[in-house]
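I have placed the structure first, in the form of structure tokens, so that the comments after it can refer back to it.
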Amino acid sequence: MSISASRFRLVYQLLLVTLLYFTLVRISLLFLSWQDADIGPGDFLQIMFRGWIHDLVFYAYAALLPSLYLLLFPERWWHGRWNALLVHTTVFVSLYGLGFIAIAEILFWNEFSVRFNFIAVDYLVYRQEVTDNISESYPVPLLLGGIFLVTLVVYTLVRPGITKALQARQAFFSRMLMATAPALVATAGIFLVNQDLRHFSPNSYRNELASNGPYQFFAAFRNNELDYRLFYATIDDNEASTILKHEVKEDNATFARDGLYRIRRHVDNPGKEKRLNIMLIMVESLSARYLGVFGHRKHNTPNLDALAKQSLFFTRFYATGTRTTRGLEAITLSIPPTPGRSIVKRPGHESNMWSLGNVLKEKGYDVRFLYGGRGYFDNMSAFFSGNGYEVIDQSSVPDEDMVFTNAWGMSDEDLYRQALKAADRSWAAGKPFLQQIMTTSNHRPYTYPDGRIDIPSGSGRSGAVRYTDWAIGNFLARARKKPWFRDTLFVIVADHCASSAGKVDLPVKKYHIPLFIYAPEQLEPERIDKLASQIDLAPTLLALLNMDYDSVFFGRNILATPKKDERALVGNYQKLGLYQPGRLSVLSPKKEIQLQQNPESDNPTVTILETPDEFARRNIAYYQGAAWIYKHGLNAWKP
């Protein structure tokens, strides 16, 4: 019996439609990134061929249950009215789902320049915030209506085929033969198709285009946590431990004891201890390139640009990751980005660690984490409350105390108002404070209170950056009137850059963020050109307080780091990097070691190393050591 006269006509007809949808999406994404992808004819053919393999395998997985239904559903019921209704409805819903996925992929690419990945997995978990964000950022009714109209047209075209399939009479043995094709393709996909298939080019855009969005979504779901030793290059543990201890050792530190990866040490900062307050502001998605002091020409950051001349201003400071939770993890715990999800988001394993908050709490500080959104998002409340912090978030603030909210939370000015109130409480109680503040306004849908700046709310990133700057300026103006102002370090840093996609795996320019430490009564302004990353902030702040403390931090005091030892750790959920000027070592799953030369450029030279060189061994020591220390609880809080 031919397929056209079989009930399995449904499977193969929808296969053609699915391949068409995914091909149109791939071509759309290609046009969106044509310049960055730098695609020649050969690249185009590679992208399409490898992409079709991913598309076919994903469809085979998706078709397994429908094929089982077509195989086992009895012939005497196949021609019934209820079965016809079910089949027509299922086809229509499937077509609508394809259209929805197509639009979602394009919007996701427009935001992140990648296929669905672990970010999409997180977004599925936190549906309310994401749904509200989408509804405030895009014309959702128009998009859904457009999908419906397209679905209606496609359904009309395939409906005659559905009717023929429902009229088909087919013996069980014939159905069994036709059901084997999806099963064989799915089986082949399990054993033969993996992430290596899409990694055919040193250009990350091309590799992403050769992927399939839904396929990558499930791959990300499966790989949200990665065992370092199973997936990454390793060296002898004794060697790695020795290298790591050398990397974290400073002249004023003494290790507590010998032992594998035992980096606990006593740090003796010279001078009389200063019990200064710390107001640590982590700004959402504030890339260095948005600031005028770094060359931006739209003058959206007059307050921060002026602050650069009044602060310790760090010009070569880098985010360790690409998500808020990575920034929180690095600044709070001073630990490199271990593969998979951030420690912040590992429920049951995120508490009682050596944190900046725990160190200062033991010194008698009031320690708080203030978040503009709801603290359950990304497991923030559990993480911070488990590591020494009192948590203040949107859910703990009365509605009448917030002048503006959007999908992600209250406006920055509302959040800063809560920070001022909390600081006043500590001052009244005679206690120094650490207040770690996480903002939300510089995030899509880019909305904020009216009348603050000259760019309308919701008009895009430029307005959000300008409002972010206005809110910081307004906050500092209010703080200057407080009695605790002269004894406070104001720290302003980004959690990550607004976009981290690039032609290579870890484009270091897209990890560059600003760092200001402002305390006009305590610190002389200075431009600091030393290379560092977020894991170095906590040790630097404690050094500015002349504070002696025990440490399991991976970071160093930036101000005392010799030039030869300057480095930055950067990564994403799979790629792990160690950066020094002119070179970047990258560790990848499948135990791959990559060396990028001239990583600051748009087209660095990429070399795959068969064995780790000295620089790669340093990189491995950081991440192999971090994985061991976290797994074995060596960074547990034990004052």
message: Looking at Asp258 and the list (1) at pLDDT 95 or above; (2) under 25 Å from Met353 (Cα atoms), which single condition is not satisfied?
response: (1)
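Which residue out of Asn358, Asn442, Asn387 is closer than 21 Å to Phe553 by Cα, touching a residue at least 40 places away in the same chain (Cβ under 8 Å) and not in a helix (DSSP H, G or I)? Talk me through it step by step, then tell me what you get.
Working: Asn358 fails: not in a helix (DSSP H, G or I); Asn442 fails: closer than 21 Å to Phe553 by Cα.
Just a single option satisfies the conditions, and that option is Asn387.
Restricting attention to segment 481-538, and to residues there that are assigned to a helix (DSSP H, G or I) and free of Cβ contacts under 8 Å to residues at least 60 places away in the same chain, which single residue is most open to solvent (accessible area, probe 1.4 Å)?
First, the residues of segment 481-538 that are assigned to a helix (DSSP H, G or I): 485-487, 508-511, 534-538.
So of that shortlist, the ones also free of Cβ contacts under 8 Å to residues at least 60 places away in the same chain come out as 485-486.
Details: Phe485: 22, Arg486: 123 Å².
This residue is Arg486.
Table: residues versus (1) surrounded by 17 or more Cβ atoms within 10 Å (Cβ to Cβ); (2) at pLDDT 95 or above; (3) farther than 17 Å from Val504 by Cβ.
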site	(1), (2), (3)
Gln580	no, yes, no
Leu595	yes, yes, no
Thr611	no, yes, yes
Arg618	yes, yes, yes
Leu634	yes, no, yes
Lys638	no, no, yes
query: For Leu14, which of the numbered conditions (1) under 22 Å from Met176 (Cβ atoms); (2) free of Cβ contacts under 8 Å to residues at least 40 places away in the same chain fails to hold?
result: (2)
statement: Picked from segment 182-199 (must be part of a helix (DSSP H, G or I) and farther than 16 Å from Leu64 by Cα), the residue least open to solvent (accessible area, probe 1.4 Å) is Arg198
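Name the one entry in Arg9, Arg50 that is among the charged types (D, E, K, R), open to solvent by 40 Å² or more (accessible area, probe 1.4 Å) and under 25 Å from Gln167 (Cβ atoms).
On the way: Arg50 fails: under 25 Å from Gln167 (Cβ atoms).
When all the criteria are applied, what remains is Arg9.
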statement: Residue set Ser33, Ser67; condition closer than 28 Å to Gln574 by Cα and among the polar types (S, T, N, Q); output residue Ser33
- line: Selection from segment 1-55 of residues in a helix (DSSP H, G or I), more than 24 Å from Pro202 (Cβ to Cβ) and among the small types (Gly, Ala, Ser) yields Ser4, Ala5
task: Evaluate the following for Ala429: is it touching a residue at least 60 places away in the same chain (Cβ under 8 Å), aliphatic (A, V, I, L, M) and surrounded by fewer than 18 Cβ atoms within 10 Å (Cβ to Cβ)?
output: yes
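Looking at Pro398, is it touching a residue at least 40 places away in the same chain (Cβ under 8 Å) and of a type outside the set (D, E, K, R)?
Working: touching a residue at least 40 places away in the same chain (Cβ under 8 Å): no; of a type outside the set (D, E, K, R): yes.
So Pro398 fails the test.
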- request: Among what's in segment 316-347 and is open to solvent by 10 Å² or more (accessible area, probe 1.4 Å) and farther than 23 Å from Tyr232 by Cβ, pick the residue that is modelled with the highest pLDDT.
  value: Arg316
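The values are calculated or read from the model by the stated rules, or taken from the named source; none is laboratory data. These figures come from a predicted structure and were not determined experimentally. Cβ: placed from backbone, ideal geometry, glycine included. Neighbour counts: every protein chain shown. Ligands, DNA and RNA are excluded from the accessible area calculation, which covers all protein heavy atoms including side chains. Shrake-Rupley method; radii C 1.70, N 1.55, O 1.52, S 1.80 Å.
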